[in-house]
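These notes concern the structure reproduced below.
Quick note: the coordinates plus some simple rules give every number you see, no bench work behind them. Worth saying up front: this structure is predicted, and the values here are computed from it rather than measured. Note that each Cβ is placed from the backbone with ideal geometry, even for glycine, and that neighbours are counted across all protein chains shown.
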Amino acid sequence: MPIKPLHLVWLKKDLRLQDHAPLHQAITSAKEFGGSVALLYCLEPKLLGQTDSAPQHFEFAKECLVELAAQLPEHLPLLLVKANGLQAMRSIVEAFSGEVKVYSHEETGNWASFQRDLAVGELFKEQLIEWHQAPTNAVVRRLKNRDTWGRRWLETMQKPILPVPDFNGLKQQNLTDFSAELIENLSVSGLPCVDLVEKPWPHWAEAKFFYPPELADKQHRQQGGRTHAQRCLDGFFMERGKNYRVEMSSPLSAQSACSRISPYLAFGVLSIRDVLGQLDLARQRLAENDTTAADKAHWNKSLKSFESRLHWHCHFIQKLESEPELEHRAAHRSLDQMRDPGPLNKRDEVRLQAWIGGQTGYPMIDACMRMLRTTGWVNFRMRAMLVAFASYQLWLDWRHTAPLLAREFLDYEPGIHYPQFQMQSGVTGINTLRIYNPVKQAQDHDPDGEFIRRWVPELNAIPTPWIARPWDTPILIQHECGCVLGEHYPLPIVDPARAIATARANITEFRRQKGYAEESKRVYEKHGSRNPNRNGLVKRKNSQSRKSKGNPQPEKEIDDPQQSLF
């Protein structure tokens, strides 16, 4: 057996060596007090079997961890265990007779991971196991007052970025015996406990019984790992980000103008503080560059917009951290039953499948959904449009649609996903309603129909004047183009004007309920932004001390803080 105690670093969504406080703490403790260090990642059947999980997430995490393992010294193992977190921890505690200390980041995950952490915490409490948890980015566990959050975000982000730990002087023994005993104690079938430094990670197909048969990895998604993350960030700061502020809304230009670092933030390959540090360096380079004042001003506006979204990233995750029930319950309790969260009737099931399959008859909706399903990514405005269309025009409850899009987003981050879904579905009670018109969005952001034709090839020959609303194309021209609506491409699944009018009437009725304003005030006090500047690191006097009075004003939060980065 290795030197005791075991200092175990439990990796969740913090797949990096840089700016990793738990790893630093474990190594420092082992050097000072003795013991061995190991890293652990669990392939958890319970989490992989959730409705928000998909093979692309499995494979992306694999790529991140394989690269991380290659960066570790030979004597420091990264153990891969196929077991639920509670089962794995119980076996480890038994194998080491309680002589183990665990280090991890606090995770704001989905409801299943939240319940797992509660159970693991109870186990450690019973067994007197030390569990050292470090905050993730600037998300605050057990936050008592939202008024202080902005100041705490600034304080966290201004702390030094932790480098890759110094592994020299770490007196490790070979942990082969530990691995063997752990395997013996884990009474589970399937994948064994392996050391990723020495053995390969299995292919997702070997675990596909966790996934519905129709799901597969996405061939055109981004690749995992620090190398790819850094390449994205460097390209953004050196060239692609210049027009970020003006080009991030169109699905045509956003694909290159956005940073595309969202998956690496979601899986913790990059920390927010690390990105802000690199942003500071980019600003320094810009200031020293021999370029025009106008060019620098243009760049600075884009960098400022990017920075503000790093702030919003943490702001939204804080909402789910403060109220984990937001995954399955509306923030505004009066709106919890505004749409039917129960089993879908036949009509709504048809609408749901048309929406997720990109067959609604609305070209911009279908093009965005098809791009997302192929690549795992679409820009922030189009994500907001997809959610709003399902929630308003189709009047589907967000609890039916949120898991489906979670599987499609490579950069799925529960702390952003569920608060954003509620915001775009109009059930927070504090946000302005956003009912997107997909025809107008197409005309504004794809005026020549280039994006629609790329992803909805059935409409290739439809003349540009009708590409955003092909149902208005004269029938003779439809025949000439070889695209007859209702035969080669669906007619609109709903009448847009009637659907929107019905949605507005329903929402108005619910907003007239007794106690609506009081509940909105409660939601604002718990979750509302206290930062009127919304510019990340920009400091203003008293900007964090304002408290709401009377009925809260609708928040002017950006459409989608996570995806706007990518």
Applying the Karplus parametrisation 6.51 cos²θ - 1.76 cosθ + 1.60 with θ = phi - 60° to the phi angles of the stretch 475-490, what ³J(HN,Hα) value in whole Hz is obtained for each residue in order, glycine and proline being reported as x? 4, 5, 5, 4, 5, 4, 7, x, 9, 8, 5, x, 10, 9, 8, x
Note, ³J(HN,Hα) from phi for the stretch 518-530, Karplus 6.51, -1.76, 1.60, rounded to Hz, x at Gly and Pro: 5, 5, 4, 5, 4, 4, 5, 4, 7, 10, x, 5, 10
Set LYS4/LYS82; LYS101/LYS159; LYS12/LYS171; LYS12/LYS144; LYS242/LYS440; LYS125/LYS159 screened for pairs whose C-alpha atoms are more than 28 Å apart: LYS125/LYS159
So for the pair THR51, HIS328, with labels modelled 7 Å out along Cα→Cβ, what separation do we get in nm? 1.0 nm
For ASN300 and HIS479, calculate 0.36 nm times their separation in residues minus their Cα-Cα distance, and state this gained length in nm to one decimal. 59.4 nm
For HIS7, distant residues with modelled amide H under 5 Å away: SER36, VAL37, ALA38, LYS101
Sort the following peptides by mean Cβ neighbour count (other Cβ atoms within 10 Å, averaged over residues), highest first: 505-516, 316-327. 316-327, 505-516
Label corresponding to volume of the Cα convex hull per residue in Å³ when calculated from the structure given, among (1) 254; (2) 166; (3) 297: (2)
Could you state the number of Å between the C-alpha centres of the stretch 134-149 and the stretch 66-111? 25 Å
In whole Hz and in residue order, list the ³J(HN,Hα) couplings for the stretch 402-416 that follow from phi through the Karplus curve 6.51 cos²θ - 1.76 cosθ + 1.60, θ = phi - 60°; x for Gly and Pro. 4, x, 5, 6, 4, 5, 7, 7, 4, 8, 3, 10, x, x, 9
Calculate, in nm to one decimal, what LEU118 and GLN284 gain on full extension: separation in residues at 0.36 nm each, minus their alpha carbon distance. 55.3 nm
Helical mean residue ellipticity (222 nm; -39500 (n - 2.57) per DSSP H run of 4+; nearest 500) of the chain: -14000 deg cm²/dmol
